[in-house]
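The values are calculated or read from the model by the stated rules, or taken from the named source; none is laboratory data. Since the model is a prediction, treat every value here as computed from it, not as a measurement. Positions of Cβ are backbone-derived with ideal geometry, glycine not excepted, and every protein chain shown enters the neighbour counts.
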Amino acid sequence: MNGWKVVRTVGTEEEASLVAGFLQSRGVAANIESLLFHQEPVNFGRLGEVRVLVNGADEERARAVLEELPAGGAELPEDAEPPAGDGEETPE
């Protein structure tokens, strides 16, 4: 991936897919490079990284776009209503 720059490092492939999708929705091409080591149940340092990469020419724009993301992910405001369910109550 010559010419690609890392703009975000996360811990899961799912989170990397969300970040890459967010960038792509803003017109920035993004790729994912997973260093996850799947043979063991735990992550070992850098073997647990998943990187989101963009073309070097888009690095500055991608970092600006990523500034739009909330720090802890998408959190609901305290006064937000929960999403409507299917009307069924869950058993206790």
Fill in: Glu59 assigned to a helix (DSSP H, G or I), more than 13 Å from the chain's Cα centre (by Cα) and modelled with pLDDT of 55 or more
yes
Worksheet entry | Test for Arg51: is it in contact with an Asp or Glu (Cβ under 7 Å, 6 or more places away or on another chain), basic (Lys, Arg) and at pLDDT 80 or above | yes
